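*Asks:* Before we start, here is the structure in question, set down as structure tokens.
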Amino acid sequence: MAGTRWLRIPTERLLAARVRHELESLPAPAHLGLIMDGNRRWAHSVGVDDVRFGHRAGAEHLDRVLTWSAQAGVDAVSVYVLSADNITKRDDEQVSFLFHLLETLIPDRIRRPGGFWELHIAGNLDLVPDTTARALKEAVAVTRGRPRRLTLAVGYDPYGDVVDAVRQVLWEAADRGDSVDDVVRTLEPEAIDAYVAAPDNDIDLIIRTSGERRLSGYFPWRSVRAELIFCDVYWPAFRELDLLRALRTYGRRRANLR
Ligand code: IPE
Ligand code: IPE
Ligand code: MG
């Protein structure tokens, strides 16, 4: 209907302003987790069969959601962008396009001059082409020292993450000449914690878009105390108002725990 959109935008702004006001008196997550899901279904929902359309829109949308997160005062964001399973189980054409986005659009936006995100990558970059790994590593180098921490899970395998961390602990012990007996007796979670892939600290709130209610391997070690919010909209359609409402739900839940 003509005019509907004209009404919707100001209404959304008003609602967002109200939620922002409520957020002022609620606990906020220091570390936000995002599972950006629903790109292909979003493309279908707008009448496009080519899933690349959805993936491009999703990658472009990441930039917006990061800006809204920073504006909402979140200091660290960790995003599930591509799992090891996605790389091995989806068809080559789709995976190549995802690599292309991770080589161009995504790092280009993050490393833009004046950006505030220090980029970290969690995952196995041996699973991505050299050119993609190089573009991501360059963005990591360019953004070093920026005030907010952004971790992208790329080629991320939850079992591999924890097993690799344990391996590091064992190698260190072997270097020191410790016996297996010493290691078994003295092993504490902190030792593994030091080696689990970025992000550095516990995730307070995880938001998954698209209506799926599972974590699909998202940073298990860092998620043990996280609040979970499952949002029904597809990732490219996730609005600032949805983010603010999720932050409000988090704040209310945490306030009730006190
Ligand atoms: C999320 O969207 C992006 C990746 C997992 C790479 P999907 O590609 O999973 O899209 P849906 O969930 O099938 O709609
Ligand atoms: C999980 O999404 C990984 C990312 C969002 C990158 P999937 O769409 O791959 O998860 P499943 O397969 O539905 O659990
Ligand atoms: Mg999906």
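The values are calculated or read from the model by the stated rules, or taken from the named source; none is laboratory data. The shown structure was predicted, so the numbers you read here are calculated from the model rather than taken from an experiment. Glycine also receives a Cβ, built like all others from the backbone with ideal geometry; neighbour counts cover every protein chain displayed. Note: accessible area is taken over every heavy atom of the protein model, side chains too, but ligands, DNA and RNA are not part of it. Shrake-Rupley method; radii C 1.70, N 1.55, O 1.52, S 1.80 Å.
*Asks:* Hey, what's the chain come to in accessible area per residue, 1.4 Å probe, Å²?
*Replies:* I get 54 Å² per residue for the chain.
*Asks:* On the full set of protein chains, 1.4 Å probe, figure out the accessible area of Val224 and give it in Å² to the nearest 10.
*Replies:* Surface open to solvent at Val224 totals about 100 Å².
*Asks:* Which FRET efficiency, nearest 0.05, do Thr131 and Asp164 yield, Cβ-Cβ r, R0 22 Å? Don't skip to the answer; put the middle values down first.
*Replies:* Numbers: r = 24 Å, r/R0 = 1.10.
Rounded to the nearest 0.05, the efficiency is 0.35.
*Asks:* Taking all protein chains as present, what is the carbon and sulfur share of the accessible area of the chain, in % to the nearest whole number, probe 1.4 Å?
*Replies:* Looking at the chain in its full context, I get 52 percent from C and S.
*Asks:* Another question, if that's okay. For helix 4-23, report the angle its Cα long axis makes with the longest principal axis of the Cα atoms of the chain; keep it between 0 and 90° and round to the nearest 10°.
*Replies:* Tilt of helix 4-23: around 50 degrees.
*Asks:* Turning to a different aspect of this structure: Express in Å², to the nearest 10, the accessible area of Ser210 obtained by rolling a 1.4 Å probe over the protein heavy atoms while all chains stay in place.
*Replies:* For Ser210, the solvent-accessible surface is approximately 10 Å².
*Asks:* Along the charge dipole of the chain, which of Phe97, Ile110, Val166 sits closest to the positive end, that is, farthest toward it, with unit charges on the beta carbon of Lys, Arg, Asp and Glu (+1, +1, -1, -1)?
*Replies:* Ile110
*Asks:* So, taking all protein chains as they sit and a 1.4 Å probe, how much accessible area belongs to Ser69, in Å² rounded to tens?
*Replies:* 0 Å²
*Asks:* Further, regarding this structure: Rounded to the nearest 0.05, what FRET efficiency do Leu187 and Ser45 have when you use their Cβ-Cβ distance and R0 = 35 Å? Numbers along the way, then the final one.
*Replies:* On the way: r = 48 Å, r/R0 = 1.38.
After rounding to 0.05, the efficiency reads 0.10.
*Asks:* Angle check, please: helix 130-143 long axis (alpha carbons) against the longest principal axis of the chain (alpha carbons), in degrees 0 to 90, nearest 10.
*Replies:* 80 degrees
*Asks:* Mind ranking 151-160, 176-185 by how tightly packed they are, going by the mean number of other C-beta atoms within 10 angstrom, highest first? Numbers along the way, then the final one.
*Replies:* On the way: 151-160: 22.8, 176-185: 10.6.
Sorting 151-160, 176-185 by mean packing, highest first, produces 151-160, 176-185.
*Asks:* Could you work out how far apart the two model spin labels at Arg225 and Arg112 are, taking each label as a point 7 Å from the Cα in the direction of the beta carbon, and quote it in nm?
*Replies:* Modelled inter-label distance: 3.5 nm.
*Asks:* How big is the dipole moment of the chain about its Cα centre under a simple scheme where the beta carbon of each Lys and Arg is +1, that of each Asp and Glu is -1, and everything else is neutral? Debye, nearest 20, please.
*Replies:* 1500 debye
*Asks:* Cα centroid distance between the range 146-172 and the range 17-87, in Å?
*Replies:* If we compute the Cα centre of each part, the gap is 22 Å.
*Asks:* Next up: Helix 51-71: angle to the longest alpha-carbon principal axis of the chain, degrees 0 to 90, nearest 10?
*Replies:* Helix 51-71 sits roughly 90 degrees off the main axis of the chain.
*Asks:* Separate question: Let me check something: with ligands and nucleic acids excluded, how do Trp235, Trp221 order by accessible area (1.4 Å probe), largest to smallest? Please report the intermediate quantities before stating the final value.
*Replies:* Working: Trp235 0, Trp221 65 Å².
Order by accessible area, largest first: Trp221, Trp235.
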